[in-house]
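What follows is one structure encoded as structure tokens, with my remarks underneath.
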Amino acid sequence: MSNNTKSVFNIYNLFERKNKKPFFLNRKKISLQNPIDIEYLSVESKKTFFYISNDNKSLTFDNLWNSIKYNKNTQISLLVNKSEDGGKEILNDKKEILNSIFVFNTVDISDEKDFNLPLIEMWNTCFKDISNSYKRENSSKIFDHISHHNTKNLFSKTLLLHFEKFIDINQSYERSFKKIYKKFSTLEKSDVEIFNEVLDSFEKNIKDYSLRMLVQYIDLFKEIKENDKFLNQNYKDLNEVQEEERIIELNNRLKSLNKIRKSSIDTITNEYRIKRINDEIKIINKIIHKTQVNSKNYINNIIKKYRNENSILNTKISILSKKPLISTKNLFNKVLINKKIISFWKKHKEKLLFLNLEELETLHKHLNNEFHLILFSNKSDVSKTKVVNIFSEYIPYANIDNFLFKSKENKNNLNKYLESLYNELNVEKNKVYMQFNDHKDEIKFHEIKQKINMSIAETNWVKKSSNNLFNKTIKVKQNKFKRLKRSYKVINEIIENCYLALQENYYDSNFTNELKARLKSTDELLSKFVKESEFYNFIIEISQFTNSKNFITKKAEIYYKTMLIFIKTFESISVNIQQFLEPFNKLKIIERTKFKLIPFWLSKNKLIIVNDTFNIMNYSDKTELLRILSILSDDNDAPFIFVSNDSNLIQTGTFDEIHIFNDYKNLEGFKFPEGLIEPKSPFTKQVLKGEVVDNTINEIEFNDQIFKINNDTNHYVYVSLNEYKNILNRQKEKENQNEVSLQTKTSDQDINNINSLFYDLEFEIQSNDELTLTRSIHLTSKEKEEKMNEYLEWEKNNYSTPLNKEDF
């Protein structure tokens, strides 16, 4: 398998037979009208478009994705960012890759019965993400034993200011809901009109109250986020942190000085040298191990790729063998080639383990090119038996000696360097130094101990001061906290009484379905945000931390980190705050989409695939979705693939790369805008023009191959060899048609002997539209004669014959 470092995502050997009933691993009885055959597909760009028509019967998105997931012959690779050094690495493990891909179906946002609140779903997603990844050792430093008092004091100041605002809001709406409850209590059950008015008032107050509380929560979150930023930025400037670092540094110096007192400075220096050499030996051994593992995995993937391909080719041969008029020679040749390639890699595998991936990829290309040259050089009239003999007797070369030599050289260089390190290590270990006592060392020793004691005293004083400040304010904080909890309790009791009175009137009366739907919507807001709010739980957890002398609990820190991610996400998506409190089924499609994409935003997926083959979004919403995806892709450095049958989206300029599929295979692919200028496939031309395309697949002979038009732009076509030759011929004819005008050179020869001017000369041919780009060509004798006659005719019609050479 080629680990092309330019490729973001690769698919190999995706083949599904026609009329395959037990489809993949699921229980669905799906029958394909024709096979699906994607021999190889390489995505090289971050923003890619797949055109798949929703009229397809076989090559649909679901069938494509299921084959990637469940077909054992289908292989994939994915280029991802390394977390440790910011570099890139290629994943080949299928399970790992599938776990790194987020598939988003636009049909999932069309559920009109989805009464969930985006606000709650967004918080729960953030909470789940933090809970799954939480580790105590990764706890924020602002909560450590040095800084937690400063954190408590700063957070308390912020919380106390906002507590007053929360209490004011609760008390204000407490009076409003008491009035509503009074109306509900005196309401006659049969009076639907008055009930409707009171319900309107109740709904309006619930929404207004929820919105004001949400705005206040958001303000609190933003301020705490700023506190977090301030504490982290100024952490190293804290006196206690600096003194703590000073104590650690002095203890290390004391430890080293103590060693010197018991031995000598040379002995200590020698120990450091030995440690450095041992560390370097570990690094070299790690490099050797990693190189061997990577090379072995690469070669094993290549072998697996060709074995899987042969399995598919044998299936194709068995299908075509039942059709006597169709030749299987080309497929049989491929099987023989693949067997030779597998044998080649198996034979040289152990001797190539010290090559890097780029060198192995180069060898792989040499090997492929060698076999393709031999295959295409065979004439079509060569019999199948002769072809078998050619490939069975042929031994591939691919310049293997150079690669074997390079691998051996790399191995020897590493081993020589290791040997020199071991020799150096033995020399250092065998050195013996005399102990030398210096009274100055004793003085330094006691000076350092004194500095340590002073730093410890300074640290204790700072901690005591922070503790005193904390103790002075703890009563005030606890009283404020009690007032806040009491205000929440009172407002919730009144709202609950109103709701019970509303339900009592509702169940005893015959109301319309419209009122039922309104009641359900209100109930969702009450139960998820007003009565049982995770935002309120956050305040409880953080307040308990700031009001106690203990360190932060796991539960409180999870809530805290959830809040930080929540507010960051809130500020990143352009959605009106009121829409966070509306059920999903009342939001526009694009607004639902923004919320549903949040799991990808948080999950650190390496690739997002959007399936838009359902036609539930209008063009404007799709362009807005693409804008959001582009932001996500840039912010997370993660590529996305947009799958749709809307070819108009190609013209938006969002995509860097386009791949066109019919109902059988990937017909053509290219980077933007090269393929738009000159597509090779008639099907692609129809798609790009927005014309109605014919997805009917005629008799399939499985003789198509991928041919590269331009490696730099990843432009390829998936056609038969004859079709590829026709494409080249058409391209050459088009180039020749552009070479129609001549640039002539003047001469002092007589015009009657101008025939001599056109022999052994190079002409510059310019296109009719006077492009500045020119092509140099050499003409045959016949062409020169024709050009000469054309020139004489042109000269005759445009100029009179000069009388003298000087005039000419």
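The values are calculated or read from the model by the stated rules, or taken from the named source; none is laboratory data. Model, not experiment: these values are computed from the prediction. Cβ placement follows ideal geometry from the backbone for every residue including glycine, while neighbour counts extend to all protein chains displayed.
Quick rundown of the values:
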{"read-out": "Answer from Thr654, Thr623 - the residue that is in a loop (DSSP other than H, G, I, E, B) and touching a Ser or Thr at 6+ places or on another chain (Cβ under 9 Å)", "value": "Thr654"}
{"read-out": "Residue among Phe566, Phe545, Phe580 that alone is in contact (Cβ under 8 Å) with a residue 12 or more places away in the chain, farther than 27 Å from Ile206 by Cα and buried (at least 17 other Cβ atoms within 10 Å of the Cβ)", "value": "Phe545"}
{"read-out": "Hey, Thr151 within 19 Å of Ile567 (Cβ to Cβ), in the same structural domain as Gln233 (by TED's automatic domain parsing) and at pLDDT 90 or above or not", "value": "no"}
{"read-out": "Test: residue in segment 717-739 that is assigned to a loop (DSSP other than H, G, I, E, B), within 32 Å of the chain's Cα centre (by Cα) and under 22 Å from Leu41 (Cα atoms)", "value": "no"}
{"read-out": "Test for Lys708: is it surrounded by fewer than 18 Cβ atoms within 10 Å (Cβ to Cβ) and under 18 Å from Glu657 (Cβ atoms)", "value": "yes"}
{"read-out": "Single residue of segment 154-172 satisfying the filter (closer than 30 Å to Val462 by Cα, modelled with pLDDT of 90 or more and not hydrophobic (A, V, I, L, M, F, W, C)) that is surrounded by the fewest Cβ atoms within 10 Å (Cβ to Cβ)", "value": "Thr158"}
{"read-out": "Candidate set: segment 608-627, residues that are of a type outside the set (Val, Ile, Thr) and within 23 Å of Val43 (Cα to Cα); chosen: the one surrounded by the fewest Cβ atoms within 10 Å (Cβ to Cβ)", "value": "Arg627"}
{"read-out": "In segment 479-498, the residues that are under 47 Å from the mean Cα position of the chain (by Cα) and in contact (Cβ under 8 Å) with a residue 60 or more places away in the chain", "value": "Lys480, Phe481, Leu484, Ser487, Tyr488, Ile491, Ile495"}
{"read-out": "Inter-residue pairs, beta-carbon under 7 Å, first assigned by TED's automatic domain parsing to the domain that holds Thr362 and in segment 399-420, second among the aromatic types (Phe, Trp, Tyr), 6+ apart", "value": "Ser407/Phe354; Asn410/Phe354; Lys411/Phe354"}
{"read-out": "Residue that is modelled with the highest pLDDT, among those in segment 198-247 that are acidic (Asp, Glu) and within 18 Å of Ser521 (Cβ to Cβ)", "value": "Asp208"}
{"read-out": "Hey, Tyr716 in contact with a Pro (Cβ under 8 Å, 6 or more places away or on another chain), of a type in the set (Ser, Thr, Tyr) and surrounded by 14 or more Cβ atoms within 10 Å (Cβ to Cβ) or not", "value": "no"}
{"read-out": "Criterion (touching a residue at least 60 places away in the same chain (Cβ under 8 Å) and under 22 Å from the mean Cα position of the chain (by Cα)) met by exactly one of Ile700, Ile641", "value": "Ile641"}
{"read-out": "Any chance Phe230 is aromatic (Phe, Trp, Tyr), surrounded by fewer than 14 Cβ atoms within 10 Å (Cβ to Cβ) and assigned to a helix (DSSP H, G or I)", "value": "yes"}
{"read-out": "Selection from segment 660-672 of residues that are touching a strand residue (DSSP E or B) at 6+ places or on another chain (Cβ under 9 Å), part of a loop (DSSP other than H, G, I, E, B) and either free of Cβ contacts under 8 Å to residues at least 24 places away in the same chain or of a type outside the set (Lys, Arg) (or both)", "value": "Asp663, Tyr664, Phe672"}
{"read-out": "Condition broken by Lys586, with the remaining ones in (1) under 26 Å from Leu214 (Cα atoms); (2) under 17 Å from the mean Cα position of the chain (by Cα); (3) of a type outside the set (S, T, N, Q) satisfied", "value": "(2)"}
{"read-out": "Phe61 vs. criteria closer than 19 Å to Leu98 by Cα and in contact with a His (Cβ under 7 Å, 6 or more places away or on another chain)", "value": "no"}
{"read-out": "Residue, surrounded by the fewest Cβ atoms within 10 Å (Cβ to Cβ), within segment 593-607, restricted to residues that are over 18 Å from Asn99 (Cβ atoms) and in contact with a strand residue (DSSP E or B) (Cβ under 9 Å, 6 or more places away or on another chain)", "value": "Lys596"}
